[in-house]
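The values are calculated or read from the model by the stated rules, or taken from the named source; none is laboratory data. Just so it is clear, the structure is predicted and the values come from calculations on it, not from any experiment. So basically every Cβ, Gly included, is an ideal-geometry build from the backbone, and we count neighbours across all protein chains shown. Heads up: the accessible areas ignore ligands, DNA and RNA and are worked out on the full protein's heavy atoms, side chains in. Shrake-Rupley method; radii C 1.70, N 1.55, O 1.52, S 1.80 Å.
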Amino acid sequence: MTLSSVATALITIVELPYAYDALEPFISAETLHFHHDKHYASYVVKLNELIEDTRYATMPLEEIVRTSEGAIFNNAAQAWNHIFYFEQFSPHAQHHPTGALKRAIEDQFGTLEGLKERMTTHAATLFGSGWVWLASDKDGRLYIISKSNADTPLTDDLIPLIAIDVWEHAYYIDYRNMRKSSVEEMWKVLNWRIVDERYDAIRA
Ligand code: FE
C-alpha cells in the first residue's frame, strides 16, 4: 500500500511539517524516514483496518483515543502521539518558553534547565517502551509524566504540552543505545513557540 492510497482512508497520515533532513544533525533524515513513513504510518494503516465498520470509523482521532481500549486504543494513541511529537520540532526552533509557560516552569521547577533535566532523567529511566510527557491541568499546573507503550495524558484529562518518544525506533539509528543522549540532543530542535501555543490555548 502506498502512502497516497492510505491518505484516502478514514484516518489520514499527516505529513511532517518540515523536510526529512531539517532536524539534522540532532535527528537524522534516516530516522525520520523510518519513524514517520514506517512506524507512524503503520499505526494509521492498522488503525484504519481495525475501525472499519465500527462506531469509531466516523470519529476524530482524539475522540477514538479517549473512548477506545485494546488494539484500537494502542494504534489510535500511537497515531495521535506521533503527530503531536513531530509537530513540536523545528529547524528554526524558539529555544525558550515565554509568557505564562515561562512563569509556570520557573514557579514549579526553578529554571528551564531544571525542567529539561527532570524530563531527560524520566526519559532515560523509563523501563521499556513509552513516552515522557509534559502536561498541564486546566488550571495551568504542570506535570511530568512517564507512560508505558502508547499511553497518553489525554486519558487522565490532562493537556499534553511536550512528548518525548522513548521507543527505541525514535533514537536507535542515530544514538544506538544512548537514549539519554538522544533526549539531550532533542531539546536543541524542540520549538518552544509550539509549546507556548499549546499552553496558551488551555485558557484561551
Ligand atoms: Fe515513535
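Out of region 91-104, which residues are of a type outside the set (A, V, I, L, M, F, W, C) and open to solvent by less than 20 Å² (accessible area, probe 1.4 Å)? P97, the sole residue that qualifies. Residue pairs whose Cβ atoms lie under 8 Å apart, separated by 6 or more positions or on different chains, with the first residue in region 148-175 and closer than 26 Å to L101 by Cα and open to solvent by 50 Å² or more (accessible area, probe 1.4 Å) and the second among the aromatic types (F, W, Y) and within 13 Å of the ligand (Cβ to nearest atom), are D151/W131.
Yes/no matrix, rows are residues, columns are (1) more than 16 Å from the ligand (Cβ to nearest atom); (2) of a type in the set (A, V, I, L, M, F, W, C); (3) in contact with an Asp or Glu (Cβ under 9 Å, 6 or more places away or on another chain); (4) open to solvent by 70 Å² or more (accessible area, probe 1.4 Å):
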| position | (1), (2), (3), (4) |
| --- | --- |
| L10 | yes, yes, yes, yes |
| Y20 | no, no, yes, no |
| E24 | yes, no, no, yes |
| I27 | no, yes, yes, no |
| H33 | no, no, no, yes |
| D37 | no, no, no, no |
| Y40 | no, no, no, no |
| V44 | no, yes, no, no |
| I51 | yes, yes, no, no |
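Here P91 meets the list (1) away from the ligand (no atom under 16 Å from the Cβ); (2) of a type outside the set (A, V, I, L, M); (3) assigned to a helix (DSSP H, G or I) almost entirely, failing just condition (3). Confirm whether F26 is outside any loop (DSSP other than H, G, I, E, B), aromatic (F, W, Y) and modelled with pLDDT of 95 or more. When the stated conditions are applied, F26 does not pass them. Among the residues of region 179-193, those that are assigned to a helix (DSSP H, G or I), more than 20 Å from F127 (Cβ to Cβ) and open to solvent by less than 30 Å² (accessible area, probe 1.4 Å) comprise W187, V189, W192.
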